[in-house]
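One structure below.
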Amino acid sequence: MTTRREERPAKKMKPMFLVFCEGETEEKYLDFLRREYKFPIKIIVKKEGARISQHLIDSRKKELKISSRDCVKTFLLYDLDVVAINQKLKNCKATFLCSNPCIELWFLLHCKNQSSFIQTNKCIDELTKMGNVWQNYKKPNLTETQKKYLWDKKFEALTRAKILTEGANPSSAVYKILEQLEENRNK
């Protein structure tokens, strides 16, 4: 007598997040997210710098043995204050997590609304004025207290960032990876 096993529904794999970024601050922030969400986030940093292109993204995927069947979400985390990189980013197929002028704007949005034009150095100055948590902020490091603040205020920053016009100064699309991580965390 033969018994038939019931077919199980296909198991859904959690996606891997592949993030290309330009600097150490971005790398440290992503590493922080990877630890908090306990999610596979592969960070490809700095050495690509201004060389970012679709060809480079495809090459890195091939090196990592990522096939088209794998569930991989590709992101680009760059500051938009470097004009030379902006044009190259436009030719890439990925989700943009760009901040204009810099990643510190994303951190500042955890503290307050920022709707008027701001330059990089002024953005960092504003951030360091946001209470004891940020007064000793030094690129590229994030203290444990700063990380806790970013974690606790992430939804406030997300709400503030979504109001801004993507790509304009000021703006930050870093919230998009948080939305993806939250969505996949709850599955």
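For residues in region 58-115 being β-branched (Val, Ile, Thr) and over 18 Å from the mean Cα position of the chain (by Cα), which is least open to solvent (accessible area, probe 1.4 Å)? So the residue we want is Ile66. Against the numbered list (1) in contact (Cβ under 8 Å) with a residue 40 or more places away in the chain; (2) over 19 Å from Ile177 (Cα atoms), Asn132 comes up short only at (1). Summed over region 148-174, the residues that are within 26 Å of Val72 (Cα to Cα) and touching a residue at least 24 places away in the same chain (Cβ under 8 Å) give a count of 11. For region 162-174, a tally of residues being under 13 Å from Lys112 (Cα atoms) and under 13 Å from the mean Cα position of the chain (by Cα) returns 0.
Quick one: would you say Ile118 is surrounded by fewer than 19 Cβ atoms within 10 Å (Cβ to Cβ), touching a helix residue (DSSP H, G or I) at 6+ places or on another chain (Cβ under 9 Å) and among the aliphatic types (A, V, I, L, M)? No; evaluated as a whole, the condition is false for this residue. Helices (runs of 4 or more DSSP H) fully within region 51-135 that include at least 2 residues being modelled with pLDDT under 90 and among the polar types (S, T, N, Q): 83-90. Residues in region 92-102: is at least one closer than 24 Å to Glu183 by Cα, among the aliphatic types (A, V, I, L, M) and touching a residue at least 12 places away in the same chain (Cβ under 8 Å)? Yes. Among the residues of region 137-187, those that are closer than 22 Å to Phe39 by Cα, in a loop (DSSP other than H, G, I, E, B) and open to solvent by 50 Å² or more (accessible area, probe 1.4 Å) comprise Thr143, Lys153, Asn186, Lys187.
The values are calculated or read from the model by the stated rules, or taken from the named source; none is laboratory data. Keep in mind that this is a model prediction, so the values were computed, not measured. Positions of Cβ are generated from backbone atoms using ideal geometry, with glycine treated the same way; all protein chains shown enter the neighbour counts. When the accessible area is computed, the model is the full protein with side chains, heavy atoms only, and any ligands, DNA or RNA have been set aside. Shrake-Rupley method; radii C 1.70, N 1.55, O 1.52, S 1.80 Å.
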